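Chemist: I have a structure here, written as structure tokens, and I will follow up with some questions on it.
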Amino acid sequence: MFSAHRIMTLGSEALKKATSPVFVSVSGRILTQVVMAATILVATRFVTLEEFGILALGQAVSVILTSLLYTGLYQIVLRTKNIDEENATLFSTQLVLSATGTLLMISLGLIQAGGSLLQFVFFGLAPVPVLIGTAAHFDALLFRDSRVRAAVLSTAGAEILGFVAMCIAIGSGAGVYALVLGRLVMAILLLIAKVSCVAKWPGFGLEAGVVRGSFAAAYPLYISNGVTMASSYGGDLLLGLFQNPTAVGAFRAASRVTATATEIIAKPVLAISWSNLARSERENRLHALATEWLEQAKFLTFAAWPALIALALLAEPVVNFILDESWGAAAPLITILSLAAGVGILDVLSPPALLCTQKASIFTRLTFARAGITITALLLTAPHGPVAVAYGLLAARAIITPISLSFVLSALNIAPARFARALVPSTIATVTCCLAVVALQGATDDNLQGFMMTGGLAAALWSVIFLFFVTRRVVQLPRP
């Protein structure tokens, strides 16, 4: 039995871990993914695939712009040694870039058909870049001052309240307009929250030398991030160009479902991987890098592969019972994109492995190669519809991942046989869950109870296998 002192000690340790910057940061990222998934769930009940596709086109442009505003100068704010002298210039420059993003959204709205839903989406989302871009500067100041909790919780709070605003509006019959309102409310609250957390207003000013030096250091980050975002949202934009909004809506819905399943697992592991490998690098324990990376790869595949194969096999009932039957076009896309995510899951761990072994040049070349292969696949497949695009992404991942892994294994000096042995537990768990789902798959057709039973059985089998390997220390839980 545990003594009262022991229970209090364990409780204190658990509370300390739960409020640690790493835990808060990871939890905030997961919460963002959950909110995005919940938005899809709500949208399926009130919005048609065509309307959602039109919204997805406007959001694709908005997300690309806001993502660019969270890099480049954002990193300069984190890294500069003279923040007091340069803060006003960096803030003013970021404000100009953010306003440029807003003007671009307005310009795209002006060239759409007058009174169309797409025009409304561009106009409605136009303030988002300037709001979020400005908030990004204050977010960087918070991280610079090691106020991780304030930075993460302010973002999480804005996301939740934006979602609540969307739900209220959509429940009032606003339809797709409610989704635009939700993003606007989130952006406004995000800016208010970030500004209120920073004690000192940066002021305004433009020093030419600071601007030139900042852009000289920032432009590679803008290029890298822009290429990455183009490959991430290029499918939406190209389908909008070659197909129709319904195709875009189905593809974006499937992408969001798959991304949520992947990132809820991958993001915490990636954050812990960065923490552990960076610490080993700082402490010059280079011999430990390979062991730590293998343990994280082992856990990541053990958790992700069974979940993604189950999602691929159960895509149709997932759409019918969790989303909505009218969104059935997303089901085959979920299947293919889940397989693509499974194929590429280990590529998630390549950045810390390569950068912590001083292979930055290889990482840069891989980033551009990855983007080039992905964009080429999208350009070749987009004219043939969303299913072709999904297969194109699967093929791209199948090409990219082995190349990336070969560089990682070489950098960490891991023999292929050792790597293959590390994946045995993941393979056993994946095959077992796959056989369980296939055996009961007929019970899931138009049967919610059968769907729940199949998913429950697969989860139970995975848990038993997981406990077996964990108790024998074959698989270890990742710890920061």
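Chemist: Going by the conditions given, is T357 modelled with pLDDT under 95 and over 24 Å from the mean Cα position of the chain (by Cα)?
Modeler: Yes.
Chemist: Which of the residues that make up segment 60-87 are of a type in the set (S, T, Y) and part of a helix (DSSP H, G or I)?
Modeler: The answer is S62, T66, S67, Y74.
Chemist: Looking only at residues in segment 418-434 that are within 16 Å of L339 (Cα to Cα) and surrounded by fewer than 16 Cβ atoms within 10 Å (Cβ to Cβ), which one is nearest to the chain's Cα centre (by Cα)?
Modeler: T427
Chemist: So, of the residues in segment 131-146 that are surrounded by fewer than 17 Cβ atoms within 10 Å (Cβ to Cβ) and of a type outside the set (D, E), which turns out to be nearest to S67 (Cα to Cα)?
Modeler: So the residue we want is R144.
Chemist: Collect the residues in segment 164-175 that are on the phi < 0 side of the Ramachandran plot and surrounded by fewer than 22 Cβ atoms within 10 Å (Cβ to Cβ), keeping them in residue-number order.
Modeler: The answer is V164, A165, C167, I168, A169, G171, S172, A174.
Chemist: With the condition being in contact (Cβ under 8 Å) with a residue 12 or more places away in the chain and closer than 23 Å to I40 by Cα, I'd like the helices (runs of 4 or more DSSP H) fully within segment 328-420 carrying at least 2 qualifying residues.
Modeler: It comes to 331-344, 386-412.
Chemist: Could you say whether any residue in segment 244-259 is of a type outside the set (V, I, T), surrounded by fewer than 20 Cβ atoms within 10 Å (Cβ to Cβ) and outside any helix (DSSP H, G or I)?
Modeler: Yes, that holds for at least one residue.
Chemist: Continuing with the same structure: Condition check: in contact (Cβ under 8 Å) with a residue 60 or more places away in the chain and either closer than 21 Å to P202 by Cα or surrounded by fewer than 22 Cβ atoms within 10 Å (Cβ to Cβ) (or both). Does T100 satisfy that?
Modeler: In short, no.
Chemist: Quickly run through segment 175-197 and pick out the residues that are over 18 Å from P127 (Cβ atoms) and either assigned to a helix (DSSP H, G or I) or free of Cβ contacts under 8 Å to residues at least 60 places away in the same chain (or both).
Modeler: Result: S196, C197.
Chemist: Somewhere in segment 265-283, is a residue without any contact (Cβ under 8 Å) to a residue 12 or more places away in the chain, surrounded by fewer than 24 Cβ atoms within 10 Å (Cβ to Cβ) and in a loop (DSSP other than H, G, I, E, B)?
Modeler: Yes, segment 265-283 contains at least one residue that is without any contact (Cβ under 8 Å) to a residue 12 or more places away in the chain, surrounded by fewer than 24 Cβ atoms within 10 Å (Cβ to Cβ) and in a loop (DSSP other than H, G, I, E, B).
Chemist: Next question, about the same structure. Could you tell me which of the residues L153, L161, L131 is of a type outside the set (F, W, Y), in a helix (DSSP H, G or I) and without any contact (Cβ under 8 Å) to a residue 40 or more places away in the chain?
Modeler: Of L153, L161, L131, the one residue that is of a type outside the set (F, W, Y), in a helix (DSSP H, G or I) and without any contact (Cβ under 8 Å) to a residue 40 or more places away in the chain is L161.
Chemist: Name every residue in segment 164-174 that is aliphatic (A, V, I, L, M) and assigned to a helix (DSSP H, G or I), in order of residue number.
Modeler: Residues satisfying the conditions are V164, A165, M166, I168, A169, I170.
The values are calculated or read from the model by the stated rules, or taken from the named source; none is laboratory data. Given the structure is predicted, the values throughout are model-derived calculations rather than measurements. Every residue, glycine as well, gets a Cβ built from its backbone with ideal geometry; the counts of neighbours run over all protein chains shown.
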